[in-house]
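Comments concern the structure below.
The values are calculated or read from the model by the stated rules, or taken from the named source; none is laboratory data. From a predicted model like this one, the values you see are computed outputs, not experimental measurements. Glycine gets a Cβ as well: all are built from the backbone with ideal geometry, and neighbour counts include every protein chain shown. Calculation scope for accessible area: heavy atoms of the full protein, side chains included, ligands and nucleic acids excluded. Shrake-Rupley method; radii C 1.70, N 1.55, O 1.52, S 1.80 Å.
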Amino acid sequence: MKTSRIALAAFAILTIIAFAMIVFLLTIQPPTVSAQSSTITVQVDKPGAAIPSTQYGIFFEDINFAADGGIYPEQIKNRSFEFPVAMMGWQKIERNGAKGSLAVLNQEPINADNQHYLRASVEKSGDGFGLLNEGFRGIGVQKGAQYSFSIYARKTERAPINLRLELTDTKGQNIGQARLGGFTNQWRKHSITLRPSASETKAKLSIFIEGQGKIDLDMISLFPRETFKNRPNGLRADLTKLLADLKPGFVRFPGGCIVEGRDLKERYQWKTTIGDLVDRRLIINRWNVEFKSRNVERSAEDYYQSFGLGFYEYFQLCEDIGAEPLPILNCGMACQFNTNELAPLDKLDPYIQDALDLIEFANGSVATTWGRKRAQMGHPAPFNMKMLGVGNEQWGPQYIERYEPFAKALKAKYPNIKLISSAGPSPQGERFDFLWGKLKDLKADLVDEHYYMPPKWFLDNAGRYDNYPRTGPQVFAGEYAAHVPAKGRPDRPNNWEAALAEAAFLTGLERNADLVTMASYAPLFAHVEAWQWSPNLIWFDNLRSFGTPSYYTQKLFSTNRGTNILPVLLNGSTKNAQNDLYASATFDKRTGEIVLKVVNVSTSAKEVSINLAGAGKPGKAGKAFVLTAAELTAENSLNDPAKVAPVERQFAVPSNQFTYALAANSLTVLRIPGV
Ligand code: AHR
């Protein structure tokens, strides 16, 4: 009896130990590898259409302080006192015993496009009289770098007056100073260099007026010497490098809704954005008062367009980063989400003329009126523009009525310029179908589709173009971004979930690169303290910047473009999206590599069998670029800019058939050499 009780107890203990061991072993298992195996067949012997060099590009819009306060590195806000609240961004300084006044005047201005200036009248200098500029959410300066301070000045009295400049950090410490004099009674530009002794994201610039009397000041500028390619009036180096690193095929500019304006008076007019900076007339930015009605107040009363970054600089940017310029022009329609103001059909000529003149500005010889203006700005050679957008995100019969005369006039004079037309603001529905029907009939070149949709839409639409007709216009995926709901925060997150869905969708575009010849994420830039819209591709503050997971997704596609489509079968099927996998492949004639892109949206790692059908003997090792994150909610930030960034590794290619382990929730680009 006693023996059997002992045996029972021993049996119970052993059972518990065995059970505990099973539980333990189960918990230390490596992450699940999906049992369902998949085969990816790349039909190497069936190369298809060429992948256009324009396949992956950039959509630039001056939204979220992308231009002034962003890539255009002017540090002085309201430099020419043309904001309607004329002293916005400026403060009067009157230290101990100082007395004087500051007034914004418009008599005898620098010119008619720059009608206002500041008159400083000093009665007593005391411990300091002058004015201070707050910059764009502060002034960003780097220690030891050179900043050119320039000012237009005119003295109205005889007494000598000097300007003392002082850069201060957030504690009020002086981090740079200089003195400027020699003013006369004529408007003249004066400049001097400042070299800050410390880096500061939120510096302020004070201009003290030394001496007594009156002086007129205008076009006050603090501009970094170091710009991208060191162009004068150039672009912020770190932000432009992020663009150049994408190796974009095109840059679409300047928008977006700012092309349209809230009304036609506020539309973007390229002719007012070229020439000397003092000749560029400032206007309000359409995003200044936008989004007032949303839960979160994101409007920005200090958002204007100085046009320091104007059409000449956009063309120069394209040339500097090797991208085709794609300007978008107003077609006689103000934003249809705002006033929907229309230029009457019999009054479209000035709009059409602007488009014809732009082509001459970009491509005309120096003997032409507008070609000469380009040459005078420093670029005698043509910019070789090949595409032009007629209107931004317009819709309805009103658009077609305006597109038609534009297309007729532009094609008559410039038959080789490809015209981009609009499919409206959403990627489906009545408006979309109406526009596509009409644009097909009109034999449009490229139709611009916009997709701001949830991640699931992007997954569901990876096969969207497989059955689009090949006889009509080509597709420009002009504005895409997966929108994950904001949930308890003001912005929609730029997280890995969004970027992964975009990656899956991009495989669908790449498979159809004969039809979808251009694609760009939107919007491009956002200042972390001054944004109106989210998500965006790149975020920045006054000194730092980072690419989002969507940036790295796009970068992996654009820097691994290849030259020809290769058909891909997933588990024997030509259909994309099988067993949580999305794939596209290209051949790169320049390097002889097969480039396979695979997106695994499963939460499990997957071992896939890759079959390079019809290929010769491959090289022994390939290069893999893997973009993944531990959680779908992962995001990059100023402090952790590369939390989600591609990792490069080598992998073995023993033969034309090999296995590869795809990480869970990942985008993998495989470059397989020597086939
Ligand atoms: O990218 C932001 C806005 O979205 C663009 O200005 C407009 O074209 C679209 O509605």
Residues N639 and S197, FRET efficiency given R0 of 25 Å [Cβ-Cβ distance, rounded to 0.05]: 0.50
Span-like helix ranges in the chain, DSSP H, alpha carbon extent 24 angstrom or more, Kyte mean at least 1.0: 2-27
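Roughly how big is region 453-537's charge dipole about its Cα centre, with Cβ charges of +1 (Lys, Arg) and -1 (Asp, Glu), in debye to the nearest 20? Could the numbers behind the result be given before it?
On the way: 7 positive and 9 negative charges, 35 e Å.
Dipole size: approximately 160 debye.
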Relative contact order [Cα under 8 Å, 6+ residues apart], region 203-322, whole percent: 21 percent
Burial ranking of peptide ranges 513-519, 102-108 (average Cβ count within 10 Å, highest at the top): 513-519, 102-108
Mean separation of Cα contacts under 8 Å, 6 or more apart, over the residue count of the chain: relative contact order %: 16 percent
Peptides ranked, highest mean first, by Cβ atoms within 10 Å: ranges 244-252, 157-165: 244-252, 157-165
Set K124/K155; K247/K413; K271/K443; K373/K418; K555/K643 screened for pairs whose C-alpha atoms are more than 20 Å apart: K247/K413; K271/K443; K373/K418
Formal net charge of residues neighbouring S37 (Cβ-Cβ distance under 13 Å; K, R +1; D, E -1): -1
Simple spin-label estimate for K386 and K347 in nanometres, 7 Å along Cα-Cβ: 3.8 nm
Spin-label pair T368/A661, simplified geometry with 7 Å Cα→Cβ offset, distance in nm: 6.0 nm
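Under unit Cβ charges (Lys, Arg +1; Asp, Glu -1), what dipole magnitude, rounded to 20 debye, does region 246-358 have relative to its Cα centre? Provide the component values of the computation, followed by the final result.
Details: 13 positive and 18 negative charges, 73 e Å.
The dipole of region 246-358 has a size of about 360 debye.
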Estimated FRET transfer efficiency when R0 is 22 angstrom, pair K575-S426 (beta carbons, to 0.05): 0.30
Built amide H within the under 5 Å cut-off of I51, gap 5+: N564, I565
C-alpha center-to-center spacing [region 309-370, region 505-525] in angstrom: 24 Å
Accessible surface ranking that places the most exposed of Y414, Y399 first, with a 1.4 angstrom probe: Y414, Y399
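Around C335, with a cut-off of 12 angstrom between Cβ atoms, what is the net charge of the other residues, counting Lys and Arg +1 and Asp and Glu -1? It would help to have the intermediate numbers written out before the result.
Numbers: positive: R262, R267, R286; negative: E260, D263, E266, E290, E341, E393.
With Lys, Arg at +1 and Asp, Glu at -1, the net is -3.
When the helices in the chain are scored as -39500 (n - 2.57) per DSSP H run of 4 or longer and the sum is shared across all residues, what 222 nm value do you end up with, to the nearest 500 deg cm²/dmol? Don't skip to the end; give the middle numbers.
Numbers: 11 runs with 134 residues, N = 675.
So the helix-based figure for the chain works out to -6000 deg cm²/dmol.
Per residue Cα convex hull volume for region 597-673, in cubic angstrom? All intermediate terms of the calculation are to be shown ahead of the outcome.
Details: hull volume 6.4 nm³, N = 77.
Cα-based convex hull of region 597-673, divided per residue, equals 83 Å³.
If you roll a 1.4 angstrom probe over the protein chains with everything in place, what fraction of the accessible area of region 365-410 belongs to carbon and sulfur, to the nearest %? Don't skip to the end; give the middle numbers.
Values: 1090 of 1930 Å².
So the carbon and sulfur contribution to the accessible surface is 57 percent.
Taking the chain, how much of its Cα-Cα pair set, in percent, is spaced more than 49 angstrom apart? Can you show the working numbers first?
On the way: 53933 of 227475 pairs.
Of all Cα-Cα pairs in the chain, 24 percent lie more than 49 Å apart.
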Length gained when the stretch T591-E319 is fully extended (0.36 nm per residue, less Cα-Cα span): 95.5 nm
Taking region 362-438 and dividing mean pair separation by its residue count, relative contact order in percent (alpha carbons under 8 Å, at least six apart): 28 percent
Computed label-point distance, nm, for sites E529 and N340 using a 7 Å Cα→Cβ extension: 3.9 nm
Magnitude of the charge dipole, region 208-310, Cβ model with Lys/Arg +1 and Asp/Glu -1, debye to 20: 480 debye
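Peptides 568-580, 254-266, 499-511: what's the order by average Cβ count within 10 Å, highest mean first? Could the numbers behind the result be given before it?
Details: 568-580: 16.5, 254-266: 22.8, 499-511: 26.9.
Top of the packing list down: 499-511, 254-266, 568-580.
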